[in-house]
Amino acid sequence: MDGCVTEIQSASGTKIAIDIGENLANKDKKVLPELKVEGLNDGKASFDAVFITHYHGDHIGLYNKVLQGIPIYIGEISKNIYQILQKKLLMAKIVSEKDIEIINKFKTFEIPNKIKINDILITPIEVDHSAFDAHMFLIECDGKKLLHTGDFRTHGQRGKAVIPSIEKYVGNVDCLISEGTTLSRKKEDIITEFDIQKKAEEYFKNNMYNFVLCSSTNIDRIAAIHKAALSAHRLFVCDKYQKDILMYIDKISRSNLYKFKNRVLSYDDNILDLMKEKGFVMLVRPNSISKKVMNKFDKNFNFIYSQWKGYLDKDFKEYEYLQKFVPENYVYLHTSGHADFYSLKKLCEVVKPKIIIPIHTEKPEAFKEMELKDSKIELLEDKQEIII
Ligand SMILES: [Zn+2]
Ligand SMILES: [Zn+2]
């Protein structure tokens with residue numbers, strides 16, 4: 001996925017960027033040149049602020065390249081999760097102390113409070129996505145309204161709230177900048193996070209020993225797996241880093257779904273006998289520590305692969321370490337973090353945009369198949385500008 005940056009400028013010259021992503025896994029493994037935007041991460045600073053929709057690399061990855069003096073805004077919970085993640089990467093020497101300092105200085109916003117950057121008004125709206133605390137942004141300036149979707153879906157744990165929130169806080173807009181990740185895939189019924197939970201529960205009831213591979217920051221997936229483990233009366237085990245994230249989520253959330261406290265064991269060799277006796281669900285990641293634990297069960301376990309299957313494709317850079325880690329007889333249990341065709345169409349019908357600008361998609365022209373009477377689809381090239 002290519003990194004996302006959207007530049008928005010008012011008539012009087014206030015400039016903000018939505019997201020500052022890096023180019024992620026590339027199919028032919030060629031390193032794409034880093035995204036350069038004059039005044040944002042290149043040349044002399046001319047932007048007034050950057051707003052980050054969520055903590056996935058294709059939206060935040062170039063945060064440390066933003067020119068000095070330009071403030072970066074992100075949801076408070078996102079900032080805290082990103083701090084935990086980056087501190088782990090600091091220990092592995094993948095990021096530097098300087099990077100951590102930049103993250104510590106991120107400014108935060110709270111929904112649905114508006115933020116004013118000169119003559120541009122920004123309203124964050126919470127959405128459902130495979131990143132926790134993800135947002136859309138309503139941008140108001142020069143008498144116009146624009147909605148930037150970031151990444152979103154409606155089939156996750158808080159999916160039902162997405163369209164009503166947009167109806168409440170957004171209404172009709174002049175322009176919709178929308179993701180369309182799933183549009184290049186076949187139109188098929190997407191399973192929900194709840195379906196994942198039910199299926200996982202079955203697997204956990206039928207198998208004593210279960211390892212699950214999923215993203216450490218896909219909190220809603222982990223919550224589904226955790227609930228399934230509890231229902232199947234298995235111990236729920238993970239490493240210390242993952243437990244830190246879950247304890248933080250437990251602390252800030254009031255929802256029953258995210259009650260992890262006293263229910264999560266962090267792995268240590270001395271709980272091995274207990275795991276063998278009671279049965280368990282353990283979250284793993286492709287590293288030697290997880291591999292060592294798996295080896296103790298001598299292939300006598302169920303392995304669930306719960307993230308995008310594309311990473312297992314030979315053309316992707318993740319393939320090399322994943323193929324050494326994921327057993328041949330793995331079970332695939334996953335659903336997309338992105339809206340399907342019908343949810344995207346529903347969004348368009350709700351906000352009735354005069355203009356739709358597709359981003360984050362390999363098939364932008366698929367918006368035309370929605371046959372929206374009142375909207376014009378603008379297919380923009382990289383770096384192309386449009387006046388609304
Ligand atoms: Zn995302
Ligand atoms: Zn994305």
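Read the figures in this text as sums done on the coordinates, not as results from a lab. Just so we're clear, the structure is a prediction, and the values are computed from it rather than from any experiment. Glycine also receives a Cβ, built like all others from the backbone with ideal geometry; neighbour counts cover every protein chain displayed.
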Ranked by how many other beta carbons lie within 10 Å on average, peptides 329-338, 204-213 from highest: 204-213, 329-338
Partner lysines for Lys363 [C-alpha distance under 17 Å; skip if fewer than 8 residues away on the same chain]: Lys27, Lys186, Lys187, Lys345, Lys376
Region 262-322: trypsin sites (Lys or Arg not before Pro) falling in loop per DSSP and having at most 16 other Cβ within 10 Å: Arg263, Lys296, Lys299, Lys314, Lys317
Pair-distance profile P(r), taking every C-alpha pair of the chain, with 10 angstrom steps and integer %: 5, 22, 32, 25, 12, 4, 0
Whole-Å semi-axes of the ellipsoid equivalent to region 168-303 (Cα gyration tensor, √5λ, descending): 32, 18, 15
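Of the listed pairs Lys114/Lys354; Lys93/Lys314; Lys15/Lys36; Lys65/Lys107, which have alpha-carbon separations greater than 19 Å here?
Numbers: Lys114/Lys354 23 Å; Lys93/Lys314 27 Å; Lys15/Lys36 16 Å; Lys65/Lys107 16 Å.
Check vs 19 Å cut-off fails for Lys114/Lys354; Lys93/Lys314.
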Region 193-332: relative contact order as a whole-number percent, Cα under 8 Å and 6+ apart: 31
DSSP-defined antiparallel bridges as percent of all bridges, the chain, nearest 5: 35
Length-normalised contact order for the chain - Cα pairs under 8 Å, 6+ apart - percent: 16
Rounded FRET efficiency, nearest 0.05, which uses the C-beta distance separating Leu90 from Lys296 and R0 of 35 Å: 0.75
